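Here the structure is laid out as C-alpha coordinates; the discussion comes afterwards.
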Amino acid sequence: MTLAQRRILLGVSGGIAAYKSCELVRRLRELGAEVRVVMTESATRFVGAATFQALSGQPVRVSLWDASAEAAMGHIELARWAERILVAPASADLLARLAHGHADDLLSTLCLASAAPLQVAPAMNRQMWAHPAVQANIQTLQRRGVQVLGPASGEQACGDVGSGRMLEPQALRDAMVASFGDGMLAGLRVLVSAGPTYEDIDPVRFIGNRSSGRMGFALAEAAALAGASVTLIAGPVSLPTPTGVLARVDVRSAAQMHAAVLAAAAEADIYIGTAAVGDYRPAEVATRKLKKKAGADLFLQLAENPDILASLSAQAGHPFLVGFAAETHDVLPYAHEKLQRKGLDMIAANQVGEGIGFEASDNALSVVWNGGSIDLARASKSVLARQLVAILAERYRAARA
Ligand code: PMT
(Lines give C-alpha, C1' and ligand atoms only; values in the text may rest on other atoms or scores of the structure.)
Protein backbone atom coordinates (compact mmCIF):
# COMPACT_ATOMS: atom_id res chain seq x y z
CA MET A 1 0.00 0.00 0.00
CA THR A 2 1.51 3.31 -0.97
CA LEU A 3 0.69 6.97 -1.45
CA ALA A 4 4.22 7.88 -2.51
CA GLN A 5 4.36 11.43 -3.88
CA ARG A 6 0.57 11.71 -3.94
CA ARG A 7 -0.55 15.30 -3.32
CA ILE A 8 -3.42 15.42 -0.85
CA LEU A 9 -5.19 18.53 0.32
CA LEU A 10 -6.80 17.90 3.69
CA GLY A 11 -9.64 20.27 4.55
CA VAL A 12 -10.53 20.48 8.23
CA SER A 13 -13.84 22.03 9.24
CA GLY A 14 -15.14 22.86 12.70
CA GLY A 15 -15.94 19.80 14.77
CA ILE A 16 -14.55 17.92 17.72
CA ALA A 17 -13.43 15.14 15.33
CA ALA A 18 -10.77 17.59 14.05
CA TYR A 19 -8.39 16.07 16.60
CA LYS A 20 -8.59 12.74 14.70
CA SER A 21 -7.41 14.52 11.55
CA CYS A 22 -4.02 15.09 13.21
CA GLU A 23 -3.62 11.31 13.29
CA LEU A 24 -4.89 11.16 9.69
CA VAL A 25 -2.08 13.49 8.53
CA ARG A 26 0.45 11.14 10.12
CA ARG A 27 -1.15 8.06 8.53
CA LEU A 28 -1.15 9.66 5.07
CA ARG A 29 2.45 10.77 5.38
CA GLU A 30 3.53 7.32 6.61
CA LEU A 31 2.56 6.03 3.16
CA GLY A 32 4.58 8.75 1.44
CA ALA A 33 1.86 11.32 0.68
CA GLU A 34 2.50 15.04 0.62
CA VAL A 35 -0.23 16.65 2.71
CA ARG A 36 -1.25 20.29 2.84
CA VAL A 37 -3.87 21.34 5.35
CA VAL A 38 -6.52 24.01 4.93
CA MET A 39 -8.66 24.80 7.96
CA THR A 40 -11.89 26.73 8.35
CA GLU A 41 -11.97 29.47 11.00
CA SER A 42 -14.15 27.26 13.21
CA ALA A 43 -11.72 24.34 12.91
CA THR A 44 -9.00 26.48 14.52
CA ARG A 45 -11.17 26.63 17.64
CA PHE A 46 -10.75 22.86 18.05
CA VAL A 47 -7.13 22.31 16.96
CA GLY A 48 -4.40 24.90 16.47
CA ALA A 49 -2.94 25.46 13.00
CA ALA A 50 0.53 24.94 14.50
CA THR A 51 -0.32 21.28 15.22
CA PHE A 52 -1.20 20.57 11.59
CA GLN A 53 1.80 22.59 10.44
CA ALA A 54 4.15 20.45 12.53
CA LEU A 55 2.52 17.19 11.43
CA SER A 56 2.31 18.00 7.73
CA GLY A 57 5.63 19.86 7.51
CA GLN A 58 3.83 22.49 5.41
CA PRO A 59 2.33 25.90 6.19
CA VAL A 60 -1.35 25.65 7.07
CA ARG A 61 -3.79 28.01 5.32
CA VAL A 62 -6.99 29.32 6.86
CA SER A 63 -7.92 32.58 5.22
CA LEU A 64 -8.69 33.54 1.65
CA TRP A 65 -7.26 36.95 2.57
CA ASP A 66 -3.72 35.83 3.36
CA ALA A 67 -1.81 38.70 1.68
CA SER A 68 1.51 36.87 1.19
CA ALA A 69 0.01 33.69 -0.29
CA GLU A 70 -2.63 35.44 -2.36
CA ALA A 71 -0.19 37.86 -4.02
CA ALA A 72 0.60 34.88 -6.28
CA MET A 73 -3.05 33.63 -6.38
CA GLY A 74 -2.19 31.00 -3.73
CA HIS A 75 -5.64 29.44 -3.67
CA ILE A 76 -5.56 28.70 -7.40
CA GLU A 77 -2.06 27.25 -7.11
CA LEU A 78 -3.27 25.05 -4.22
CA ALA A 79 -6.39 23.98 -6.16
CA ARG A 80 -4.20 22.91 -9.11
CA TRP A 81 -1.61 21.24 -6.87
CA ALA A 82 -4.08 18.86 -5.22
CA GLU A 83 -4.62 15.37 -6.69
CA ARG A 84 -7.31 14.67 -4.08
CA ILE A 85 -9.23 16.88 -1.67
CA LEU A 86 -10.41 15.17 1.51
CA VAL A 87 -12.52 17.17 3.96
CA ALA A 88 -12.35 15.49 7.37
CA PRO A 89 -14.23 16.27 9.47
CA ALA A 90 -16.94 17.67 7.20
CA SER A 91 -19.42 19.53 9.40
CA ALA A 92 -23.12 19.93 8.52
CA ASP A 93 -22.42 23.59 7.72
CA LEU A 94 -19.54 22.80 5.38
CA LEU A 95 -21.58 20.11 3.58
CA ALA A 96 -24.41 22.64 3.09
CA ARG A 97 -21.99 25.22 1.69
CA LEU A 98 -20.45 22.64 -0.68
CA ALA A 99 -23.86 21.40 -1.81
CA HIS A 100 -24.92 24.96 -2.63
CA GLY A 101 -21.67 25.98 -4.30
CA HIS A 102 -20.65 28.66 -1.78
CA ALA A 103 -17.16 30.13 -1.96
CA ASP A 104 -17.17 32.16 1.23
CA ASP A 105 -13.92 30.92 2.74
CA LEU A 106 -10.67 29.37 1.52
CA LEU A 107 -11.73 25.73 1.88
CA SER A 108 -15.08 26.03 0.07
CA THR A 109 -13.41 28.14 -2.65
CA LEU A 110 -10.73 25.47 -3.18
CA CYS A 111 -13.38 22.75 -3.49
CA LEU A 112 -15.00 24.76 -6.30
CA ALA A 113 -11.76 25.80 -7.96
CA SER A 114 -10.15 22.36 -8.09
CA ALA A 115 -10.66 19.57 -10.62
CA ALA A 116 -9.40 17.02 -8.06
CA PRO A 117 -11.85 14.35 -6.87
CA LEU A 118 -13.49 15.41 -3.61
CA GLN A 119 -14.04 13.14 -0.61
CA VAL A 120 -15.91 14.19 2.52
CA ALA A 121 -15.96 12.47 5.90
CA PRO A 122 -19.05 13.78 7.71
CA ALA A 123 -18.92 14.15 11.49
CA MET A 124 -21.81 15.47 13.54
CA ASN A 125 -24.44 14.65 16.14
CA ARG A 126 -26.75 11.79 15.05
CA GLN A 127 -29.87 14.05 15.00
CA MET A 128 -28.09 16.48 12.72
CA TRP A 129 -26.91 13.66 10.45
CA ALA A 130 -30.47 12.27 10.20
CA HIS A 131 -31.98 15.71 9.45
CA PRO A 132 -33.62 15.80 5.99
CA ALA A 133 -31.69 18.98 5.12
CA VAL A 134 -28.34 17.28 5.74
CA GLN A 135 -29.43 14.13 3.90
CA ALA A 136 -30.59 16.21 0.92
CA ASN A 137 -27.20 17.96 0.80
CA ILE A 138 -25.42 14.59 0.94
CA GLN A 139 -27.50 13.28 -1.94
CA THR A 140 -26.75 16.40 -3.98
CA LEU A 141 -23.03 15.95 -3.38
CA GLN A 142 -23.15 12.21 -4.19
CA ARG A 143 -25.00 12.92 -7.45
CA ARG A 144 -22.12 15.22 -8.39
CA GLY A 145 -19.62 12.44 -7.78
CA VAL A 146 -18.38 13.50 -4.34
CA GLN A 147 -17.33 10.41 -2.39
CA VAL A 148 -18.97 10.35 1.03
CA LEU A 149 -16.89 8.36 3.50
CA GLY A 150 -18.97 7.22 6.46
CA PRO A 151 -20.09 8.34 8.93
CA ALA A 152 -19.69 5.48 11.37
CA SER A 153 -22.06 4.55 14.18
CA GLY A 154 -21.20 4.52 17.85
CA GLU A 155 -20.79 6.71 20.89
CA GLN A 156 -20.53 10.40 20.10
CA ALA A 157 -18.68 13.22 21.85
CA CYS A 158 -22.04 14.64 23.02
CA GLY A 159 -22.92 11.33 24.72
CA ASP A 160 -25.48 10.24 22.11
CA VAL A 161 -25.14 6.89 20.40
CA GLY A 162 -25.87 6.59 16.70
CA SER A 163 -24.67 7.41 13.21
CA GLY A 164 -22.53 10.52 12.79
CA ARG A 165 -19.04 9.69 14.05
CA MET A 166 -16.18 10.49 11.70
CA LEU A 167 -14.52 7.36 10.30
CA GLU A 168 -11.26 6.41 11.97
CA PRO A 169 -8.06 7.78 10.36
CA GLN A 170 -7.02 4.29 9.21
CA ALA A 171 -10.30 3.79 7.31
CA LEU A 172 -9.98 7.24 5.69
CA ARG A 173 -6.42 6.47 4.69
CA ASP A 174 -7.48 3.11 3.17
CA ALA A 175 -10.24 4.89 1.22
CA MET A 176 -7.65 7.38 -0.03
CA VAL A 177 -5.34 4.57 -1.19
CA ALA A 178 -8.27 2.85 -2.93
CA SER A 179 -9.27 6.10 -4.64
CA PHE A 180 -5.95 6.06 -6.50
CA GLY A 181 -6.92 2.67 -7.88
CA ASP A 182 -3.93 0.77 -6.52
CA GLY A 183 -6.21 -1.89 -5.05
CA MET A 184 -6.64 -5.53 -5.94
CA LEU A 185 -10.00 -4.90 -7.61
CA ALA A 186 -9.07 -1.60 -9.25
CA GLY A 187 -11.09 -0.94 -12.38
CA LEU A 188 -13.64 -3.70 -11.66
CA ARG A 189 -17.35 -3.23 -11.04
CA VAL A 190 -18.64 -5.31 -8.17
CA LEU A 191 -22.29 -5.92 -7.36
CA VAL A 192 -23.12 -7.17 -3.85
CA SER A 193 -26.45 -8.32 -2.44
CA ALA A 194 -26.88 -8.27 1.33
CA GLY A 195 -29.41 -8.83 4.06
CA PRO A 196 -32.66 -10.75 4.23
CA THR A 197 -35.78 -10.52 2.09
CA TYR A 198 -39.26 -10.04 3.53
CA GLU A 199 -42.13 -11.88 1.86
CA ASP A 200 -45.40 -10.21 2.78
CA ILE A 201 -48.30 -12.28 4.05
CA ASP A 202 -50.65 -9.34 4.63
CA PRO A 203 -50.16 -5.60 5.34
CA VAL A 204 -48.66 -6.30 8.79
CA ARG A 205 -46.96 -9.71 8.60
CA PHE A 206 -44.17 -11.19 6.57
CA ILE A 207 -41.87 -14.21 6.29
CA GLY A 208 -38.26 -13.14 6.82
CA ASN A 209 -34.97 -14.47 8.13
CA ARG A 210 -32.28 -13.49 10.60
CA SER A 211 -29.74 -12.00 8.19
CA SER A 212 -28.57 -8.60 9.46
CA GLY A 213 -26.73 -7.58 6.27
CA ARG A 214 -23.43 -7.26 8.15
CA MET A 215 -21.48 -9.80 6.06
CA GLY A 216 -22.64 -8.30 2.76
CA PHE A 217 -22.03 -4.72 3.90
CA ALA A 218 -18.52 -5.66 5.08
CA LEU A 219 -17.85 -7.20 1.66
CA ALA A 220 -19.14 -4.13 -0.15
CA GLU A 221 -16.79 -1.97 1.92
CA ALA A 222 -13.82 -4.32 1.43
CA ALA A 223 -14.39 -4.40 -2.34
CA ALA A 224 -14.59 -0.58 -2.46
CA LEU A 225 -11.39 -0.31 -0.42
CA ALA A 226 -9.76 -2.68 -2.91
CA GLY A 227 -10.53 -0.16 -5.63
CA ALA A 228 -13.75 -1.59 -7.12
CA SER A 229 -16.78 0.48 -8.10
CA VAL A 230 -19.37 -1.09 -5.84
CA THR A 231 -23.15 -1.25 -6.13
CA LEU A 232 -24.97 -2.65 -3.13
CA ILE A 233 -28.44 -4.18 -3.30
CA ALA A 234 -29.71 -4.26 0.28
CA GLY A 235 -32.67 -6.09 1.75
CA PRO A 236 -34.45 -4.58 4.75
CA VAL A 237 -31.57 -3.83 7.14
CA SER A 238 -30.72 -0.90 9.37
CA LEU A 239 -27.10 -0.37 8.39
CA PRO A 240 -25.49 2.80 7.00
CA THR A 241 -24.03 2.62 3.50
CA PRO A 242 -20.41 1.49 3.82
CA THR A 243 -17.42 3.64 2.99
CA GLY A 244 -16.75 4.08 -0.69
CA VAL A 245 -19.88 2.35 -2.02
CA LEU A 246 -21.01 4.19 -5.14
CA ALA A 247 -24.66 3.21 -5.29
CA ARG A 248 -27.13 1.50 -2.97
CA VAL A 249 -30.54 0.13 -3.94
CA ASP A 250 -32.89 -0.83 -1.08
CA VAL A 251 -35.37 -3.63 -1.72
CA ARG A 252 -37.77 -5.67 0.41
CA SER A 253 -38.82 -8.91 -1.29
CA ALA A 254 -36.96 -11.63 -3.20
CA ALA A 255 -38.75 -10.56 -6.39
CA GLN A 256 -37.54 -6.96 -5.92
CA MET A 257 -34.00 -8.17 -5.19
CA HIS A 258 -34.10 -10.42 -8.25
CA ALA A 259 -35.16 -7.48 -10.45
CA ALA A 260 -32.61 -5.06 -8.94
CA VAL A 261 -29.70 -7.50 -9.22
CA LEU A 262 -30.52 -8.48 -12.80
CA ALA A 263 -30.85 -4.81 -13.81
CA ALA A 264 -27.45 -3.94 -12.31
CA ALA A 265 -25.64 -7.15 -13.36
CA ALA A 266 -25.28 -6.05 -16.98
CA GLU A 267 -22.82 -3.42 -15.72
CA ALA A 268 -20.96 -5.71 -13.30
CA ASP A 269 -17.79 -7.78 -13.59
CA ILE A 270 -18.41 -9.65 -10.34
CA TYR A 271 -21.61 -10.50 -8.43
CA ILE A 272 -21.39 -11.54 -4.77
CA GLY A 273 -24.65 -13.01 -3.50
CA THR A 274 -24.39 -12.61 0.26
CA ALA A 275 -28.12 -12.04 0.71
CA ALA A 276 -30.25 -14.63 2.43
CA VAL A 277 -32.94 -14.60 -0.22
CA GLY A 278 -36.31 -16.14 0.70
CA ASP A 279 -36.80 -19.33 -1.30
CA TYR A 280 -40.60 -19.07 -1.03
CA ARG A 281 -43.26 -16.36 -0.76
CA PRO A 282 -46.95 -16.55 0.12
CA ALA A 283 -48.78 -17.50 -3.08
CA GLU A 284 -51.22 -14.66 -2.40
CA VAL A 285 -50.67 -11.48 -0.38
CA ALA A 286 -53.82 -10.56 1.55
CA THR A 287 -54.79 -6.91 1.07
CA ARG A 288 -56.35 -6.79 4.55
CA LYS A 289 -54.92 -8.02 7.84
CA LEU A 290 -55.73 -11.73 8.27
CA LYS A 291 -58.05 -12.25 11.21
CA LYS A 292 -57.52 -14.95 13.80
CA LYS A 293 -60.13 -17.69 13.75
CA ALA A 294 -60.10 -19.19 17.23
CA GLY A 295 -59.70 -22.94 17.29
CA ALA A 296 -58.71 -23.24 13.61
CA ASP A 297 -55.25 -23.73 12.15
CA LEU A 298 -54.15 -21.44 9.33
CA PHE A 299 -52.43 -22.80 6.22
CA LEU A 300 -50.29 -20.65 3.97
CA GLN A 301 -49.60 -21.76 0.45
CA LEU A 302 -46.09 -20.80 -0.65
CA ALA A 303 -44.87 -20.21 -4.17
CA GLU A 304 -41.21 -20.66 -5.16
CA ASN A 305 -39.15 -17.49 -5.70
CA PRO A 306 -36.85 -17.16 -8.71
CA ASP A 307 -33.21 -17.96 -7.94
CA ILE A 308 -31.07 -14.87 -8.59
CA LEU A 309 -27.75 -16.68 -8.99
CA ALA A 310 -29.26 -19.35 -11.24
CA SER A 311 -30.90 -16.65 -13.41
CA LEU A 312 -27.55 -14.90 -13.79
CA SER A 313 -25.58 -18.04 -14.54
CA ALA A 314 -28.04 -18.86 -17.33
CA GLN A 315 -27.20 -15.57 -19.09
CA ALA A 316 -24.45 -15.38 -21.69
CA GLY A 317 -21.54 -13.15 -20.65
CA HIS A 318 -22.65 -13.10 -17.00
CA PRO A 319 -20.43 -11.64 -14.27
CA PHE A 320 -18.04 -13.80 -12.22
CA LEU A 321 -20.44 -15.37 -9.72
CA VAL A 322 -19.78 -15.74 -6.01
CA GLY A 323 -22.45 -17.44 -3.91
CA PHE A 324 -22.82 -17.89 -0.18
CA ALA A 325 -24.20 -20.86 1.69
CA ALA A 326 -25.33 -20.87 5.30
CA GLU A 327 -25.90 -24.31 6.72
CA THR A 328 -26.51 -25.82 10.14
CA HIS A 329 -24.74 -29.10 9.17
CA ASP A 330 -22.77 -30.77 6.33
CA VAL A 331 -21.49 -27.33 5.28
CA LEU A 332 -18.89 -28.48 2.75
CA PRO A 333 -20.95 -31.11 0.87
CA TYR A 334 -23.80 -28.57 0.51
CA ALA A 335 -21.33 -25.90 -0.66
CA HIS A 336 -19.95 -28.19 -3.38
CA GLU A 337 -23.48 -29.13 -4.45
CA LYS A 338 -24.56 -25.43 -4.68
CA LEU A 339 -21.39 -24.49 -6.58
CA GLN A 340 -22.29 -27.01 -9.31
CA ARG A 341 -26.09 -26.67 -9.28
CA LYS A 342 -26.09 -22.86 -9.46
CA GLY A 343 -23.20 -22.68 -11.96
CA LEU A 344 -21.00 -20.55 -9.67
CA ASP A 345 -17.33 -19.58 -9.95
CA MET A 346 -16.84 -19.58 -6.20
CA ILE A 347 -18.87 -20.15 -3.03
CA ALA A 348 -18.28 -19.08 0.59
CA ALA A 349 -19.92 -21.44 3.04
CA ASN A 350 -20.56 -20.68 6.67
CA GLN A 351 -21.96 -22.68 9.53
CA VAL A 352 -24.73 -20.92 11.41
CA GLY A 353 -24.62 -21.28 15.17
CA GLU A 354 -24.24 -19.52 18.50
CA GLY A 355 -22.37 -16.20 18.03
CA ILE A 356 -21.47 -16.91 14.42
CA GLY A 357 -23.04 -16.51 10.96
CA PHE A 358 -26.45 -14.83 10.99
CA GLU A 359 -26.73 -11.54 12.97
CA ALA A 360 -23.42 -12.02 14.81
CA SER A 361 -20.38 -9.81 14.32
CA ASP A 362 -18.14 -12.87 13.65
CA ASN A 363 -18.16 -15.53 10.99
CA ALA A 364 -15.94 -18.34 9.65
CA LEU A 365 -15.87 -19.32 6.00
CA SER A 366 -14.91 -22.23 3.77
CA VAL A 367 -14.29 -20.84 0.32
CA VAL A 368 -14.67 -23.37 -2.49
CA TRP A 369 -14.10 -23.20 -6.24
CA ASN A 370 -13.63 -25.81 -8.96
CA GLY A 371 -10.28 -27.37 -8.13
CA GLY A 372 -9.58 -25.71 -4.79
CA SER A 373 -10.74 -24.53 -1.41
CA ILE A 374 -9.50 -22.57 1.57
CA ASP A 375 -10.73 -22.23 5.16
CA LEU A 376 -10.89 -18.79 6.76
CA ALA A 377 -10.86 -19.11 10.54
CA ARG A 378 -13.36 -17.35 12.80
CA ALA A 379 -12.88 -13.57 12.77
CA SER A 380 -14.92 -10.39 12.55
CA LYS A 381 -16.94 -10.03 9.35
CA SER A 382 -14.83 -7.05 8.25
CA VAL A 383 -11.59 -9.04 8.58
CA LEU A 384 -13.11 -11.99 6.72
CA ALA A 385 -14.44 -9.68 4.03
CA ARG A 386 -10.93 -8.37 3.34
CA GLN A 387 -9.57 -11.94 3.19
CA LEU A 388 -12.37 -13.03 0.87
CA VAL A 389 -11.77 -10.05 -1.44
CA ALA A 390 -8.09 -11.04 -1.73
CA ILE A 391 -9.08 -14.61 -2.73
CA LEU A 392 -11.74 -13.29 -5.08
CA ALA A 393 -9.27 -10.97 -6.84
CA GLU A 394 -6.93 -13.92 -7.41
CA ARG A 395 -9.68 -16.31 -8.60
CA TYR A 396 -11.16 -13.63 -10.88
CA ARG A 397 -7.83 -12.98 -12.57
CA ALA A 398 -7.14 -16.73 -12.89
CA ALA A 399 -10.56 -17.28 -14.51
CA ARG A 400 -10.18 -14.35 -16.94
CA ALA A 401 -6.52 -15.02 -17.79
O1 PMT B 1 -26.38 -10.87 7.10
P2 PMT B 1 -25.58 -11.46 8.24
O3 PMT B 1 -26.34 -11.45 9.54
O4 PMT B 1 -24.21 -10.87 8.34
O5 PMT B 1 -25.36 -13.03 7.92
C6 PMT B 1 -24.61 -13.40 6.80
C7 PMT B 1 -25.20 -14.64 6.13
C8 PMT B 1 -25.13 -15.81 7.08
C9 PMT B 1 -26.65 -14.39 5.71
C10 PMT B 1 -24.32 -14.88 4.83
O11 PMT B 1 -23.00 -15.11 5.22
C12 PMT B 1 -24.82 -16.09 4.05
O13 PMT B 1 -24.43 -17.22 4.28
N14 PMT B 1 -25.71 -15.84 3.06
C15 PMT B 1 -26.36 -16.91 2.27
C16 PMT B 1 -27.52 -17.45 3.05
C17 PMT B 1 -28.10 -18.75 2.48
O18 PMT B 1 -28.30 -19.68 3.15
O19 PMT B 1 -28.29 -18.75 1.27
P20 PMT B 1 -28.98 -19.99 0.48
O21 PMT B 1 -28.37 -21.30 0.80
O22 PMT B 1 -30.47 -19.86 0.62
O23 PMT B 1 -28.58 -19.60 -0.96
C24 PMT B 1 -27.33 -19.90 -1.54
C25 PMT B 1 -26.92 -18.79 -2.46
O26 PMT B 1 -27.96 -18.60 -3.42
C27 PMT B 1 -26.73 -17.44 -1.77
O28 PMT B 1 -25.63 -16.82 -2.36
C29 PMT B 1 -28.01 -16.68 -2.07
O30 PMT B 1 -27.80 -15.27 -2.16
C31 PMT B 1 -28.40 -17.26 -3.43
N32 PMT B 1 -29.85 -17.27 -3.67
C33 PMT B 1 -30.70 -17.92 -2.86
C34 PMT B 1 -32.06 -17.92 -3.14
C35 PMT B 1 -32.53 -17.23 -4.27
N36 PMT B 1 -33.81 -17.17 -4.56
N37 PMT B 1 -31.66 -16.59 -5.07
C38 PMT B 1 -30.33 -16.61 -4.80
O39 PMT B 1 -29.52 -16.03 -5.54
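The values are calculated or read from the model by the stated rules, or taken from the named source; none is laboratory data. Here the structure is a predicted model, which is why all the values come from computation and not from measurement. Heads up, the Cβs are rebuilt from the backbone with ideal geometry, glycines too, and the neighbour counts pull from every protein chain shown. Surface areas here come from the heavy atoms of the whole protein model, side chains and all, with no ligands, DNA or RNA. Shrake-Rupley method; radii C 1.70, N 1.55, O 1.52, S 1.80 Å.
With a 1.4 Å probe and every protein chain left in place, tell me how much accessible area C22 has, in Å² to the nearest 10.
The accessible area of C22 comes to roughly 20 Å².
For the chain, how big is the tail of P(r) above 30 Å, as a whole percent of Cα pairs?
In whole percent, the share of Cα-Cα pairs in the chain beyond 30 Å is 47.
With +1 on the Cβ of every Lys and Arg and -1 on the Cβ of every Asp and Glu, and nothing else charged, how large is the dipole of the chain about its Cα centre, in debye rounded to the nearest 20?
Details: 38 positive and 37 negative charges, 59 e Å.
Charge dipole of the chain: 280 debye, to the nearest 20.
Amide H to amide H, which residues 5 or more places from F324 or on other chains are under 5 Å from it, using H placed in the peptide plane?
G273, A348
Between the stretch 351-401 and the stretch 159-207, how far is it from one alpha carbon centroid to the other, in angstrom?
17 Å
Only Lys, Arg, Asp and Glu count, each charged at its Cβ (+1, +1, -1, -1), so figure out the dipole size of the stretch 7-179 about its Cα centre, rounded to 20 debye.
300 debye
Apply the Karplus parameterisation 6.51 cos²θ - 1.76 cosθ + 1.60, with θ equal to phi minus 60°, to every residue of the stretch 387-401 and state each ³J(HN,Hα) to the nearest whole Hz, in sequence, with x for glycine and proline.
For the stretch 387-401, the Karplus-derived couplings read 5, 5, 5, 5, 5, 4, 4, 5, 5, 4, 5, 5, 6, 9, 5 Hz, x marking Gly and Pro.
With viscosity set to 0.890 mPa s at 25 °C, what whole-number translational diffusion coefficient in µm²/s follows for the stretch 257-401 from Stokes-Einstein and a Kirkwood radius over Cα pairs?
For these conditions, the coefficient is 143 µm²/s.
Across the stretch 7-179, how large is the tail of the calculated P(r) beyond 20 Å, expressed as a percent of all Cα pairs?
When every Cα pair of the stretch 7-179 is considered, 47 percent fall beyond 20 Å.
Provide the gained length on full extension for the span T51 to Q301, in nm with one decimal, where the gain is 0.36 nm per separating residue minus the Cα-Cα distance. It would help to have the intermediate numbers written out before the result.
Working: separation 250, 0.36 × 250 = 90.00 nm, distance 6.71 nm.
So the chain would gain 83.3 nm between T51 and Q301.
With both bridge residues required to lie in the stretch 7-179, what share of the DSSP beta bridges run antiparallel, to the nearest 5%?
Numbers: 4 of 21 bridges.
Bridges in the stretch 7-179 that DSSP calls antiparallel: roughly 20 percent.
So what's the gap between the Cα centers of the stretch 60-129 and the stretch 331-350, to the nearest angstrom?
49 Å
Could you tell me the distance between the Cα centroids of the stretch 210-229 and the stretch 3-17, to the nearest Å?
25 Å
Can you find, among L309, L55, L106, the residue sitting farthest towards the positive end of the charge dipole of the chain, where Lys and Arg contribute +1 and Asp and Glu -1 at Cβ?
Projecting each Cα onto the dipole axis, the largest value belongs to L106.
When the accessible area of the stretch 4-139 is computed with all protein chains present and a 1.4 Å probe, what percentage of it is carbon and sulfur? The partial results should precede the final answer.
Working: 3270 of 6040 Å².
Of all accessible area on the stretch 4-139, carbon and sulfur atoms account for 54 percent.
So if I restrict to the alpha-carbon atoms in the stretch 88-236, what is the Rg, and what is Dmax, the biggest pairwise distance, in Å?
That works out to 17.5, 56 Å for Rg and Dmax.
So what does the Cα-only Debye profile of the stretch 348-401 read at q = 0.23 Å⁻¹, as log10 I(q)/I(0), no solvent term?
The Cα Debye sum returns log10 ratios of -0.85.
Run through the stretch 255-360 and list the chymotrypsin sites (Phe, Trp or Tyr not before Pro) located in a DSSP loop whose Cβ has at most 11 other Cβ atoms within 10 Å.
F299
Could you state the accessible area per residue of the chain in Å², with a 1.4 Å probe and every protein chain left in place?
Per residue, the chain has an accessible area of 47 Å².
Give the cross-link partners of K342 among the lysines, using a straight C-alpha distance below 26 Å as the criterion and excluding same-chain residues fewer than 8 apart.
K381
Taking θ = phi - 60°, what integer Hz values does the Karplus form 6.51 cos²θ - 1.76 cosθ + 1.60 yield along the stretch 371-381, in sequence order, with x for Gly and Pro?
For the stretch 371-381, the Karplus-derived couplings read x, x, 6, 8, 9, 10, 5, 3, 7, 5, 4 Hz, x marking Gly and Pro.
Mind ranking K342, K293 by accessible surface for me, highest first, 1.4 Å probe?
On the way: K342 35, K293 150 Å².
From most accessible down to least: K293, K342.
Of the DSSP beta bridges with both residues in the chain, give the percent that are antiparallel, rounding to the nearest 5.
Bridges in the chain that DSSP calls antiparallel: roughly 35 percent.
When the accessible area of the stretch 264-330 is split by element with a 1.4 Å probe, what percent falls to carbon and sulfur? Don't skip to the answer; put the middle values down first.
Working: 2060 of 4230 Å².
Here carbon and sulfur together make up 49 percent of the probe-accessible area.
When we measure straight from the Cα of K289, which aspartates and glutamates land under 15 angstrom away, once same-chain ones fewer than 8 places off are left out?
Those aspartates and glutamates meeting the cut-off are E199, D200, D202.
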